[in-house]
1. Under 8 Å for C-alpha pairs, at least 6 residues apart: give me the relative contact order for the range 269-393, rounded to a whole percent.
2. Can you tell me the accessible area per residue over the chain, all protein chains present, probe 1.4 angstrom, in square angstrom?
3. When the Cα centres of the range 333-348 and the range 199-252 are compared, how far apart do they sit, in Å?
4. By DSSP, what percent of the beta bridges with both residues in the chain are antiparallel, rounded to the nearest 5?
5. Out of all DSSP beta bridges with both ends in the range 60-215, state the antiparallel percent to the nearest 5.
6. Placing unit charges on C-beta atoms (Lys and Arg positive, Asp and Glu negative, everything else neutral), compute the dipole magnitude of the range 344-426 about its Cα centre in debye, rounded to 20.
7. Below 8 Å between Cα atoms, with a sequence gap of 6+, how large is the relative contact order for the range 93-141 in percent?
8. May I ask you to work out the translational diffusion coefficient for the range 113-176 at 20 °C, viscosity 1.002 mPa s, via Stokes-Einstein with Rh from the Kirkwood sum over Cα pairs, reported in whole µm²/s?
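The values are calculated or read from the model by the stated rules, or taken from the named source; none is laboratory data. Small disclaimer: the values here were computed from a predicted structure and weren't measured. Note that each Cβ is placed from the backbone with ideal geometry, even for glycine, and that neighbours are counted across all protein chains shown. To get the accessible areas, we keep the full protein, side chains included, count just its heavy atoms, and leave off ligands, DNA and RNA. Shrake-Rupley method; radii C 1.70, N 1.55, O 1.52, S 1.80 Å.
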Amino acid sequence: MTKIVNHWIGGKTVEGASGTYGPVTDPATGAVTTKVAFASVEEVDAAVATAKDAYLTWGQSSLAQRTSILFKFRALLDANRDAIAELITAEHGKVHSDALGEVARGLEIVDLACGINVQLKGELSTQVASRVDVAAIRQPLGVVAGITPFNFPAMVPMWMFPIAIATGNTFVLKPSEKDPSASIKIAELLAEAGLPDGVFNVVHGDKVAVDRLLEHPDVKAVSFVGSTPIARHIHTTASAHGKRVQALGGAKNHMLVLPDADLDAAADAAVSAAYGSAGERCMAISAVVAVGAIGDELVEKIRERAEKIKIGPGNDPTSEMGPLITKAHRDKVASYVEGAAAEGAEVVLDGTGYTVEGFEEGHWIGISLLDRVPTTAKAYRDEIFGPVLSVLRVDTYEEGVALINASPFGNGTAIFTRDGGAARRFQLEVEAGMVGVNVPIPVPVGYHSFGGWKDSLFGDHHIYGNDGTHFYTRGKVVTTRWPDPADAPAGVDLGFPRNH
């Protein structure tokens, strides 16, 4: 019997009423294992109405109450790491260790939310004029929504909702329809932790559900992570409806390798950053820029390491890389490799014919490595979102930085060098929101914010960290003047002397 994933509204499972369902496959076998209910406009409206009702009390709740629940949720999340990771592997395909790492990174933001009272302290200036004080406070927005991608079905929602609900908002999540089960497990744990009904809701679906959230008058803010074209649409549409928006888009992350770099360390980093999680992450290194004469040696070291990666089902403890999420995505990734030579690239490794014995219907693709890739090639211009690494050659540091800065994306980047002066120049000159120095995937820790530049981010706020708190709250400034009690009208005795 096929499993059915329904919505979570008002603290309980709500069966889909639209009659429309989407298939969820096991990427390792290609078999449909689950059906997910797609929400109609009316079902989205019901979730938002429930969240709006819950906000009337949750928005006025104490910080102590909110953080107490989040501490309980954190403990439950920690205890259920393996269960959540298994759901991720079953529907996304990533290996269990990658799935566990995803839960761990989400836990960082829950930790941050548990201490949100420090970030909500506000400011006070006394005696700005005679008997006049000015206070700055931050208050929640109301109902906020999160629209999240398939590649991190647990982590990315946890980059959003813990801070949103800790600051007093209520939340409606629209997760990816490709791997929806982790979101429901998280909802169940929040309920078990004591979160009041309606504070956290999940509606599944497609463009119908997304567009309704973008235009719904009671949704005050929208957080999104996904591809650049969709991020641009989310930002334009939600902004046009008066909402606050943070829309994180795609990437083409470059790793600049200088001639003085430790090439073994650089090759290790390139392989892990390009092929980890099958390349299905917005912080993957997809372009290595080799400076000077080290290119041939670096490519050979990458090839040697890449060929040793064991690809197999995500629930096999010996697997280091799993399948891609869908057959359609697998075929699209393969097309970049198949067309690379015609566009002037040298195909060092071609993984397009890879399969796993006994799992022939799975969405398999092997490791691909392209060298001497021209900047005009599609494999360089597009975000591939798969295990394909392009190597570009330049003669100088300056040429490398110019190449990186010419990209329309500006999510993350890295430099590998032993020269501190070169690294310092790079972090100041490169046009990207997150920079690594001898660190291939510079994802900030929870108390710093995550976000890129240019076509990698639409909106003014990065996600989580201080930016997350500011995004989910709005400032209010209160100017107060009280008469001195000694000046009380005659006949009113407050016990204050009148001769001071």
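1. With pairs under 8 Å counted, the relative contact order is 31 percent.
2. Working: 20440 Å² over 500 residues.
Per-residue accessible area for the chain comes out at 41 Å².
3. 34
4. Counting DSSP beta bridges with both partners in the chain, the antiparallel share is about 40 percent.
5. Approximately 35 percent, going by the DSSP bridge assignments.
6. 500
7. Details: 22 pairs, mean separation 11.4, N = 49.
For the range 93-141, the relative contact order is 23 percent.
8. Details: Rh = 14.0 Å.
Here the translational diffusion coefficient equals 153 µm²/s.
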